[in-house]
Amino acid sequence: MTAVTVSRKAVVTLPKDTQILITREFDAPRHLLYKACTTPELIKRWWGGDRGEVTTAEVDLRVGGTWRYVLTATAGFEVAFHGEFREIVPNERVVTTEVFEAFPDAGAVVTNTYTEKDGRTILTVLVDHRDRQSRDMHINSGMEGGMNEAYDHLEQVAISLR
């Protein structure tokens, strides 16, 4: 597995031709990080990073339930993602589908794993695309900068729940 980049606190690697693996440690216990990642009002506070306002955060947190987030970017355009929950183990693991609505054929399966040690949480996100082209489009989209901004906000939201 070759490391692609290390930015701020996230490590992004490409373990297979169709996969993106993201790992980041947060200064918050996993139950608070999980809550911040699954509660619509809290998602609105962090998901957009510094790139705009999250105008929609819908979460039907059950297997077979759906989710949808919409960001109105500071440049004025909208970015929307949606998916379906496939597996939920509260405070430990969430598996969803993820579709960037501008490219609906490039969907992925995303596994979020929350591992706690000494009150800190390691979030591991495995994004598994259908093909290498979709994975590469995702990597080349600028996702890393936005993700790191969002993760900085996520950490602050989780800490605020203490």
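The values are calculated or read from the model by the stated rules, or taken from the named source; none is laboratory data. Source: prediction; values computed, not measured. For neighbour counting, all protein chains shown are included, and Cβ atoms are generated from backbone atoms with ideal geometry for every residue, glycine included. Remember, those area values only see protein heavy atoms, side chains included, never the ligands or the DNA or RNA. Shrake-Rupley method; radii C 1.70, N 1.55, O 1.52, S 1.80 Å.
Against the test of being closer than 17 Å to Ile139 by Cα and either free of Cβ contacts under 8 Å to residues at least 60 places away in the same chain or open to solvent by 40 Å² or more (accessible area, probe 1.4 Å) (or both), the options Asp60, Asp17 yield a single qualifying residue, Asp17. The set of residues in region 58-77 being on the phi < 0 side of the Ramachandran plot, part of a loop (DSSP other than H, G, I, E, B) and not aromatic (Phe, Trp, Tyr) consists of Asp60, Leu61, Arg62, Val63, Gly65, Thr74, Ala75. In a residue-by-residue description of region 49-57, the property of being hydrophobic (A, V, I, L, M, F, W, C), open to solvent by less than 60 Å² (accessible area, probe 1.4 Å) and touching a helix residue (DSSP H, G or I) at 6+ places or on another chain (Cβ under 7 Å) applies to at least one position. For region 63-76, a residue qualifies if it is loosely packed, with under 13 Cβ neighbours inside 10 Å and modelled with pLDDT of 95 or more, and the qualifying residues are Val63, Gly64. Could you check, for region 98-107, whether at least one of its residues is in contact with an Asp or Glu (Cβ under 9 Å, 6 or more places away or on another chain) and in a helix (DSSP H, G or I)? Looking for residues that are in contact with an Asp or Glu (Cβ under 9 Å, 6 or more places away or on another chain) and in a helix (DSSP H, G or I), one finds at least one in region 98-107, hence yes.
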